Amino acid sequence: MSGTAPVPARRLLQLGALPPDLQRRAASRYALEPLWTEAEPAQFLAARRGAFDGAIMMSRHGCPAAVIECLAAAPRPGVVACFGVGYDGIDLAAARRHGVQVSTTPDVLTECVADTALGLMLACARQLVAANRHVQGGAWLQGPFPLATRVSGKRVGIVGLGRIGQAIARRAGGFDMAVRYHGRSARAGLPYEFEGDLAALARWADFLVLACPGGPQTRHLVSASVLDALGPEGYLINIARGSVVDEDALVAAIQAGRIAGAGLDVYANEPHVPAGLLGSDRVVTLPHLAASTRETRHAMEQLVLDNLAAFFATGKVLTPLA
Ligand code: NAP
(Lines give C-alpha, C1' and ligand atoms only; values in the text may rest on other atoms or scores of the structure.)
Protein backbone atom coordinates (compact mmCIF):
# COMPACT_ATOMS: atom_id res chain seq x y z
CA MET A 1 0.00 0.00 0.00
CA SER A 2 1.50 3.34 -0.97
CA GLY A 3 1.42 6.23 1.47
CA THR A 4 0.21 8.69 -1.20
CA ALA A 5 -3.06 10.37 -0.28
CA PRO A 6 -5.67 10.50 -3.09
CA VAL A 7 -5.68 13.80 -4.97
CA PRO A 8 -8.96 15.60 -4.22
CA ALA A 9 -11.07 16.34 -7.29
CA ARG A 10 -10.79 19.88 -8.65
CA ARG A 11 -13.76 21.98 -7.65
CA LEU A 12 -15.75 23.62 -10.43
CA LEU A 13 -18.45 26.20 -10.00
CA GLN A 14 -21.31 25.26 -12.32
CA LEU A 15 -23.08 28.36 -13.61
CA GLY A 16 -26.21 26.73 -15.07
CA ALA A 17 -27.73 23.48 -16.27
CA LEU A 18 -25.49 21.59 -18.72
CA PRO A 19 -26.45 19.14 -21.48
CA PRO A 20 -26.97 15.76 -19.74
CA ASP A 21 -23.90 14.06 -21.26
CA LEU A 22 -21.61 16.94 -20.37
CA GLN A 23 -23.09 17.06 -16.87
CA ARG A 24 -22.40 13.36 -16.41
CA ARG A 25 -18.91 13.43 -17.87
CA ALA A 26 -17.86 16.58 -16.01
CA ALA A 27 -19.26 15.22 -12.73
CA SER A 28 -17.21 12.05 -13.15
CA ARG A 29 -14.00 14.12 -13.30
CA TYR A 30 -14.63 17.15 -11.10
CA ALA A 31 -16.50 18.15 -7.96
CA LEU A 32 -19.28 20.35 -9.40
CA GLU A 33 -21.00 22.91 -7.23
CA PRO A 34 -24.09 24.51 -8.75
CA LEU A 35 -24.32 28.27 -8.39
CA TRP A 36 -27.59 28.79 -10.22
CA THR A 37 -29.64 26.88 -7.68
CA GLU A 38 -28.32 29.01 -4.81
CA ALA A 39 -30.99 31.30 -3.37
CA GLU A 40 -28.38 34.00 -2.68
CA PRO A 41 -25.63 33.59 -5.30
CA ALA A 42 -23.81 36.79 -4.29
CA GLN A 43 -23.55 35.65 -0.68
CA PHE A 44 -22.52 32.16 -1.77
CA LEU A 45 -19.71 33.59 -3.92
CA ALA A 46 -18.54 35.91 -1.15
CA ALA A 47 -18.48 33.05 1.37
CA ARG A 48 -16.61 30.70 -1.04
CA ARG A 49 -14.04 33.12 -2.48
CA GLY A 50 -11.00 31.19 -3.63
CA ALA A 51 -12.65 27.79 -3.06
CA PHE A 52 -12.88 26.86 -6.77
CA ASP A 53 -10.37 25.82 -9.42
CA GLY A 54 -12.63 26.90 -12.26
CA ALA A 55 -16.12 27.33 -13.62
CA ILE A 56 -18.11 25.47 -16.25
CA MET A 57 -20.95 27.08 -18.20
CA MET A 58 -22.88 27.36 -21.46
CA SER A 59 -22.86 30.52 -23.61
CA ARG A 60 -26.34 31.45 -22.44
CA HIS A 61 -25.40 31.44 -18.75
CA GLY A 62 -24.00 34.65 -17.36
CA CYS A 63 -20.48 34.81 -15.93
CA PRO A 64 -20.38 38.17 -14.16
CA ALA A 65 -17.43 39.85 -12.44
CA ALA A 66 -18.47 38.36 -9.07
CA VAL A 67 -17.79 34.83 -10.40
CA ILE A 68 -14.46 35.89 -11.91
CA GLU A 69 -13.42 37.52 -8.63
CA CYS A 70 -14.36 34.36 -6.70
CA LEU A 71 -12.15 32.29 -9.06
CA ALA A 72 -9.33 34.82 -8.98
CA ALA A 73 -9.11 34.62 -5.19
CA ALA A 74 -7.78 31.02 -5.42
CA PRO A 75 -4.01 30.49 -5.07
CA ARG A 76 -3.93 30.08 -8.87
CA PRO A 77 -6.52 32.17 -10.79
CA GLY A 78 -8.93 29.61 -12.22
CA VAL A 79 -10.46 28.97 -15.61
CA VAL A 80 -13.89 29.52 -17.15
CA ALA A 81 -14.75 26.72 -19.60
CA CYS A 82 -17.67 27.75 -21.76
CA PHE A 83 -19.74 25.44 -23.99
CA GLY A 84 -20.41 27.55 -27.12
CA VAL A 85 -18.62 30.45 -28.84
CA GLY A 86 -20.88 33.30 -27.74
CA TYR A 87 -19.15 35.15 -24.92
CA ASP A 88 -21.52 38.10 -24.53
CA GLY A 89 -22.53 36.91 -21.04
CA ILE A 90 -18.96 36.68 -19.76
CA ASP A 91 -17.30 39.66 -18.11
CA LEU A 92 -14.14 39.40 -20.20
CA ALA A 93 -12.67 42.64 -18.88
CA ALA A 94 -12.80 41.22 -15.34
CA ALA A 95 -11.28 37.93 -16.54
CA ARG A 96 -8.39 39.77 -18.20
CA ARG A 97 -7.90 42.01 -15.17
CA HIS A 98 -7.65 39.02 -12.84
CA GLY A 99 -5.74 36.64 -15.12
CA VAL A 100 -8.62 34.16 -15.30
CA GLN A 101 -8.46 32.19 -18.56
CA VAL A 102 -11.64 31.79 -20.59
CA SER A 103 -12.12 29.04 -23.16
CA THR A 104 -14.95 28.61 -25.67
CA THR A 105 -15.64 25.92 -28.29
CA PRO A 106 -14.80 27.55 -31.65
CA ASP A 107 -14.56 25.81 -35.03
CA VAL A 108 -16.28 22.55 -34.03
CA LEU A 109 -19.72 24.19 -34.39
CA THR A 110 -18.95 26.41 -37.38
CA GLU A 111 -20.24 24.13 -40.14
CA CYS A 112 -23.54 23.29 -38.44
CA VAL A 113 -24.29 26.94 -37.70
CA ALA A 114 -23.51 27.87 -41.31
CA ASP A 115 -25.74 25.00 -42.51
CA THR A 116 -28.56 26.46 -40.42
CA ALA A 117 -28.08 29.91 -41.94
CA LEU A 118 -28.45 28.45 -45.43
CA GLY A 119 -31.43 26.41 -44.26
CA LEU A 120 -33.11 29.59 -43.01
CA MET A 121 -32.41 31.40 -46.28
CA LEU A 122 -34.01 28.57 -48.26
CA ALA A 123 -36.87 28.15 -45.80
CA CYS A 124 -37.74 31.87 -45.94
CA ALA A 125 -37.37 32.60 -49.62
CA ARG A 126 -38.77 29.30 -50.90
CA GLN A 127 -41.50 29.29 -48.20
CA LEU A 128 -40.61 25.70 -47.27
CA VAL A 129 -42.38 25.69 -43.90
CA ALA A 130 -45.65 27.01 -45.31
CA ALA A 131 -45.31 24.70 -48.33
CA ASN A 132 -44.95 21.71 -46.03
CA ARG A 133 -48.12 22.77 -44.24
CA HIS A 134 -49.83 23.13 -47.63
CA VAL A 135 -49.25 19.43 -48.33
CA GLN A 136 -49.69 18.10 -44.79
CA GLY A 137 -52.92 20.02 -44.25
CA GLY A 138 -54.44 18.83 -47.54
CA ALA A 139 -54.55 22.31 -49.16
CA TRP A 140 -52.67 20.99 -52.22
CA LEU A 141 -55.85 19.12 -53.19
CA GLN A 142 -57.56 22.51 -53.50
CA GLY A 143 -54.83 24.19 -55.53
CA PRO A 144 -51.14 24.87 -56.06
CA PHE A 145 -48.83 26.61 -53.61
CA PRO A 146 -48.07 30.27 -54.50
CA LEU A 147 -44.80 31.12 -56.25
CA ALA A 148 -41.85 31.85 -53.99
CA THR A 149 -38.52 33.69 -54.36
CA ARG A 150 -35.35 32.31 -55.97
CA VAL A 151 -32.24 31.88 -53.81
CA SER A 152 -29.49 30.84 -56.28
CA GLY A 153 -27.60 33.70 -57.84
CA LYS A 154 -28.83 36.30 -55.36
CA ARG A 155 -26.78 38.67 -53.15
CA VAL A 156 -25.76 37.83 -49.59
CA GLY A 157 -24.50 40.48 -47.18
CA ILE A 158 -22.79 38.92 -44.17
CA VAL A 159 -22.37 40.88 -40.95
CA GLY A 160 -19.29 39.40 -39.25
CA LEU A 161 -17.07 37.46 -41.64
CA GLY A 162 -15.43 35.34 -38.94
CA ARG A 163 -15.35 31.56 -38.74
CA ILE A 164 -19.10 31.12 -39.19
CA GLY A 165 -19.48 34.06 -41.60
CA GLN A 166 -16.81 32.59 -43.89
CA ALA A 167 -18.47 29.15 -43.77
CA ILE A 168 -21.73 30.83 -44.83
CA ALA A 169 -19.90 32.65 -47.63
CA ARG A 170 -18.41 29.36 -48.89
CA ARG A 171 -21.86 27.78 -48.98
CA ALA A 172 -23.31 30.84 -50.71
CA GLY A 173 -20.63 30.38 -53.38
CA GLY A 174 -22.10 26.94 -54.06
CA PHE A 175 -25.40 28.67 -54.78
CA ASP A 176 -23.66 31.08 -57.20
CA MET A 177 -24.46 33.97 -54.87
CA ALA A 178 -22.50 37.23 -54.73
CA VAL A 179 -21.09 37.88 -51.24
CA ARG A 180 -20.15 41.12 -49.53
CA TYR A 181 -19.56 41.65 -45.82
CA HIS A 182 -19.51 44.15 -43.01
CA GLY A 183 -17.40 44.16 -39.86
CA ARG A 184 -15.27 46.56 -37.87
CA SER A 185 -12.53 46.27 -40.47
CA ALA A 186 -11.78 44.67 -43.84
CA ARG A 187 -10.17 41.22 -43.78
CA ALA A 188 -7.10 40.65 -45.91
CA GLY A 189 -6.82 37.67 -48.23
CA LEU A 190 -10.53 36.95 -48.72
CA PRO A 191 -12.26 37.16 -52.09
CA TYR A 192 -15.28 39.12 -50.81
CA GLU A 193 -15.92 42.84 -50.99
CA PHE A 194 -15.94 44.73 -47.68
CA GLU A 195 -18.70 47.27 -47.02
CA GLY A 196 -18.01 49.61 -44.12
CA ASP A 197 -21.54 51.03 -44.10
CA LEU A 198 -24.07 48.48 -42.82
CA ALA A 199 -27.06 50.28 -44.37
CA ALA A 200 -25.29 50.25 -47.75
CA LEU A 201 -24.70 46.49 -47.39
CA ALA A 202 -28.37 45.98 -46.50
CA ARG A 203 -29.45 48.06 -49.53
CA TRP A 204 -27.27 45.90 -51.83
CA ALA A 205 -28.22 42.53 -50.29
CA ASP A 206 -31.15 40.21 -50.97
CA PHE A 207 -30.23 38.35 -47.76
CA LEU A 208 -28.64 40.12 -44.79
CA VAL A 209 -27.10 37.38 -42.65
CA LEU A 210 -25.94 38.14 -39.11
CA ALA A 211 -22.90 36.19 -37.87
CA CYS A 212 -21.24 38.66 -35.49
CA PRO A 213 -20.97 38.45 -31.67
CA GLY A 214 -23.69 39.75 -29.36
CA GLY A 215 -23.06 42.15 -26.47
CA PRO A 216 -23.09 45.92 -26.02
CA GLN A 217 -20.94 46.64 -29.09
CA THR A 218 -23.41 45.11 -31.53
CA ARG A 219 -26.67 45.82 -29.66
CA HIS A 220 -29.40 46.86 -32.13
CA LEU A 221 -26.86 47.11 -34.96
CA VAL A 222 -29.80 46.11 -37.16
CA SER A 223 -32.05 49.08 -36.58
CA ALA A 224 -35.21 50.33 -38.29
CA SER A 225 -33.10 52.21 -40.83
CA VAL A 226 -31.01 49.12 -41.68
CA LEU A 227 -34.23 47.12 -42.15
CA ASP A 228 -35.61 49.86 -44.38
CA ALA A 229 -32.41 49.69 -46.40
CA LEU A 230 -32.87 45.91 -46.78
CA GLY A 231 -36.27 46.71 -48.21
CA PRO A 232 -39.45 44.85 -49.20
CA GLU A 233 -37.55 42.27 -51.31
CA GLY A 234 -34.92 41.57 -48.63
CA TYR A 235 -34.66 38.83 -46.00
CA LEU A 236 -32.99 39.11 -42.59
CA ILE A 237 -31.30 35.92 -41.33
CA ASN A 238 -30.04 35.88 -37.74
CA ILE A 239 -27.95 33.02 -36.36
CA ALA A 240 -25.82 35.39 -34.24
CA ARG A 241 -27.54 36.81 -31.16
CA GLY A 242 -31.01 38.31 -30.69
CA SER A 243 -29.53 41.46 -29.17
CA VAL A 244 -27.99 42.40 -32.54
CA VAL A 245 -31.48 43.20 -33.89
CA ASP A 246 -33.91 45.84 -32.65
CA GLU A 247 -36.77 43.35 -32.34
CA ASP A 248 -39.48 46.03 -32.06
CA ALA A 249 -38.25 47.51 -35.32
CA LEU A 250 -38.17 44.02 -36.87
CA VAL A 251 -41.77 43.30 -35.84
CA ALA A 252 -42.86 46.66 -37.29
CA ALA A 253 -40.96 46.02 -40.54
CA ILE A 254 -42.43 42.51 -40.92
CA GLN A 255 -45.97 43.64 -40.18
CA ALA A 256 -45.77 46.57 -42.58
CA GLY A 257 -44.13 44.46 -45.33
CA ARG A 258 -41.09 46.74 -45.28
CA ILE A 259 -38.89 43.62 -45.49
CA ALA A 260 -39.79 40.38 -47.27
CA GLY A 261 -39.20 38.09 -44.31
CA ALA A 262 -36.92 36.90 -41.55
CA GLY A 263 -35.29 33.62 -40.58
CA LEU A 264 -34.37 33.62 -36.92
CA ASP A 265 -32.55 31.19 -34.65
CA VAL A 266 -31.91 33.64 -31.81
CA TYR A 267 -33.91 36.22 -29.86
CA ALA A 268 -33.22 38.95 -27.34
CA ASN A 269 -35.05 37.29 -24.45
CA GLU A 270 -34.96 33.54 -25.08
CA PRO A 271 -37.06 31.44 -24.90
CA HIS A 272 -39.55 34.29 -25.25
CA VAL A 273 -40.20 35.34 -28.84
CA PRO A 274 -42.06 38.60 -29.54
CA ALA A 275 -45.70 37.86 -30.37
CA GLY A 276 -45.36 39.91 -33.56
CA LEU A 277 -42.88 37.35 -34.92
CA LEU A 278 -45.23 34.41 -34.42
CA GLY A 279 -47.96 33.19 -36.73
CA SER A 280 -46.61 34.79 -39.91
CA ASP A 281 -45.53 32.76 -42.94
CA ARG A 282 -42.96 35.48 -43.61
CA VAL A 283 -41.02 34.58 -40.46
CA VAL A 284 -39.28 31.26 -39.81
CA THR A 285 -38.45 30.82 -36.14
CA LEU A 286 -36.03 28.19 -34.82
CA PRO A 287 -35.41 27.56 -31.10
CA HIS A 288 -31.67 28.46 -31.00
CA LEU A 289 -30.65 25.13 -32.52
CA ALA A 290 -28.01 26.15 -35.06
CA ALA A 291 -25.28 24.06 -33.42
CA SER A 292 -27.60 21.39 -32.07
CA THR A 293 -26.69 18.24 -33.93
CA ARG A 294 -25.55 15.14 -32.07
CA GLU A 295 -22.15 15.26 -33.78
CA THR A 296 -21.47 18.91 -33.06
CA ARG A 297 -22.81 18.81 -29.52
CA HIS A 298 -20.52 15.87 -28.79
CA ALA A 299 -17.51 17.70 -30.24
CA MET A 300 -18.35 20.80 -28.18
CA GLU A 301 -18.63 18.76 -24.99
CA GLN A 302 -15.32 17.07 -25.69
CA LEU A 303 -13.64 20.44 -26.25
CA VAL A 304 -14.98 21.79 -22.93
CA LEU A 305 -13.50 18.76 -21.13
CA ASP A 306 -10.25 18.96 -23.12
CA ASN A 307 -9.89 22.65 -22.24
CA LEU A 308 -10.33 21.91 -18.54
CA ALA A 309 -7.91 18.97 -18.67
CA ALA A 310 -5.32 21.06 -20.54
CA PHE A 311 -5.65 23.92 -18.07
CA PHE A 312 -5.15 21.67 -15.06
CA ALA A 313 -2.27 19.80 -16.73
CA THR A 314 -0.38 22.72 -18.31
CA GLY A 315 -1.89 25.95 -16.99
CA LYS A 316 -3.22 26.84 -20.47
CA VAL A 317 -6.55 26.11 -22.15
CA LEU A 318 -6.53 24.87 -25.77
CA THR A 319 -8.94 27.41 -27.25
CA PRO A 320 -8.57 30.64 -25.28
CA LEU A 321 -10.71 33.66 -25.95
CA ALA A 322 -8.23 36.24 -27.21
P1 NAP B 1 -15.69 34.91 -34.89
O2 NAP B 1 -14.86 33.98 -35.71
O3 NAP B 1 -15.05 35.62 -33.75
O4 NAP B 1 -16.35 35.96 -35.89
C5 NAP B 1 -17.03 37.07 -35.45
C6 NAP B 1 -17.04 38.11 -36.56
O7 NAP B 1 -17.83 39.21 -36.14
C8 NAP B 1 -15.68 38.64 -36.94
O9 NAP B 1 -15.56 38.57 -38.32
C10 NAP B 1 -15.69 40.07 -36.48
O11 NAP B 1 -14.99 40.85 -37.43
C12 NAP B 1 -17.17 40.42 -36.49
N13 NAP B 1 -17.46 41.48 -35.53
C14 NAP B 1 -17.02 41.61 -34.26
N15 NAP B 1 -17.51 42.73 -33.71
C16 NAP B 1 -18.27 43.31 -34.66
C17 NAP B 1 -19.03 44.50 -34.69
N18 NAP B 1 -19.07 45.32 -33.62
N19 NAP B 1 -19.70 44.79 -35.82
C20 NAP B 1 -19.64 43.97 -36.90
N21 NAP B 1 -18.94 42.82 -36.93
C22 NAP B 1 -18.25 42.51 -35.81
O23 NAP B 1 -16.92 34.14 -34.26
P24 NAP B 1 -17.75 32.90 -34.86
O25 NAP B 1 -17.21 31.63 -34.34
O26 NAP B 1 -17.88 33.10 -36.33
O27 NAP B 1 -19.16 33.15 -34.13
C28 NAP B 1 -19.89 34.35 -34.37
C29 NAP B 1 -21.07 34.47 -33.45
O30 NAP B 1 -22.07 33.53 -33.81
C31 NAP B 1 -20.79 34.13 -31.98
O32 NAP B 1 -20.24 35.23 -31.27
C33 NAP B 1 -22.15 33.72 -31.45
O34 NAP B 1 -22.79 34.81 -30.83
C35 NAP B 1 -22.90 33.29 -32.69
N36 NAP B 1 -23.22 31.87 -32.64
C37 NAP B 1 -24.53 31.48 -32.63
C38 NAP B 1 -24.83 30.14 -32.55
C39 NAP B 1 -26.26 29.65 -32.56
O40 NAP B 1 -26.52 28.60 -31.99
N41 NAP B 1 -27.17 30.37 -33.18
C42 NAP B 1 -23.82 29.18 -32.48
C43 NAP B 1 -22.52 29.62 -32.51
C44 NAP B 1 -22.22 30.97 -32.60
P45 NAP B 1 -14.22 42.20 -37.02
O46 NAP B 1 -13.42 41.84 -35.79
O47 NAP B 1 -13.42 42.54 -38.21
O48 NAP B 1 -15.29 43.19 -36.75
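A compact table of results
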{"quantity": "Selection count, region 132-177, where residues are in contact with a Gly (Cβ under 8 Å, 6 or more places away or on another chain) and closer than 19 Å to GLY231 by Cβ", "calculated": "3"}
{"quantity": "Some residue of region 88-103 being open to solvent by 10 Å² or more (accessible area, probe 1.4 Å) and modelled with pLDDT under 95", "calculated": "yes"}
{"quantity": "So PHE207, is it touching a Ser or Thr at 6+ places or on another chain (Cβ under 7 Å) and aromatic (Phe, Trp, Tyr)", "calculated": "no"}
{"quantity": "Condition broken by VAL108, with the remaining ones in (1) near the ligand (Cβ under 9 Å from one of its atoms); (2) open to solvent by 10 Å² or more (accessible area, probe 1.4 Å); (3) over 17 Å from THR285 (Cα atoms) satisfied", "calculated": "(1)"}
{"quantity": "In region 201-227, the residues that are out of contact with any strand residue (DSSP E or B) (no Cβ under 9 Å at 6 or more places or on another chain) and at positive phi", "calculated": "GLY215"}
{"quantity": "Conditions (1) more than 16 Å from the chain's Cα centre (by Cα); (2) at pLDDT 95 or above: number failed by PRO77", "calculated": "(2)"}
{"quantity": "Restricting region 23-38 to residues that are more than 18 Å from GLU301 (Cβ to Cβ) and not in a strand (DSSP E or B), the residue that is most open to solvent (accessible area, probe 1.4 Å)", "calculated": "TRP36"}
{"quantity": "Residue within region 116-134 that is more than 20 Å from THR285 (Cα to Cα) and without any contact (Cβ under 8 Å) to a residue 40 or more places away in the chain present", "calculated": "no"}
{"quantity": "Residues satisfying the stated conditions in region 96-114, i.e. part of a helix (DSSP H, G or I) and without any contact (Cβ under 8 Å) to a residue 40 or more places away in the chain", "calculated": "ARG96, ARG97, HIS98"}
{"quantity": "Strands (runs of 3 or more DSSP E) fully within region 221-322 counting 2 or more residues that are open to solvent by less than 10 Å² (accessible area, probe 1.4 Å) and more than 21 Å from ALA117 (Cβ to Cβ)", "calculated": "none"}
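Let's see how each residue does on (1) without any contact (Cβ under 8 Å) to a residue 40 or more places away in the chain; (2) of a type in the set (Phe, Trp, Tyr); (3) out of contact with any helix residue (DSSP H, G or I) (no Cβ under 6 Å at 6 or more places or on another chain):
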{"site": "GLY215", "(1), (2), (3)": "no, no, yes"}
{"site": "LEU221", "(1), (2), (3)": "no, no, no"}
{"site": "ASP228", "(1), (2), (3)": "yes, no, yes"}
{"site": "VAL245", "(1), (2), (3)": "yes, no, yes"}
{"site": "ASP248", "(1), (2), (3)": "yes, no, yes"}
{"site": "ALA253", "(1), (2), (3)": "yes, no, no"}
{"site": "GLY261", "(1), (2), (3)": "no, no, no"}
{"site": "TYR267", "(1), (2), (3)": "yes, yes, no"}
{"site": "PRO287", "(1), (2), (3)": "yes, no, yes"}
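The values are calculated or read from the model by the stated rules, or taken from the named source; none is laboratory data. Being a predicted model, the structure only gives us computed values, none of them experimental. Ideal geometry is used to build each Cβ from the backbone, glycine not excepted, and the neighbour counts take in all protein chains shown. Side chains are part of the model used for accessible areas, which takes the heavy atoms of the whole protein and leaves out ligands, DNA and RNA. Shrake-Rupley method; radii C 1.70, N 1.55, O 1.52, S 1.80 Å.
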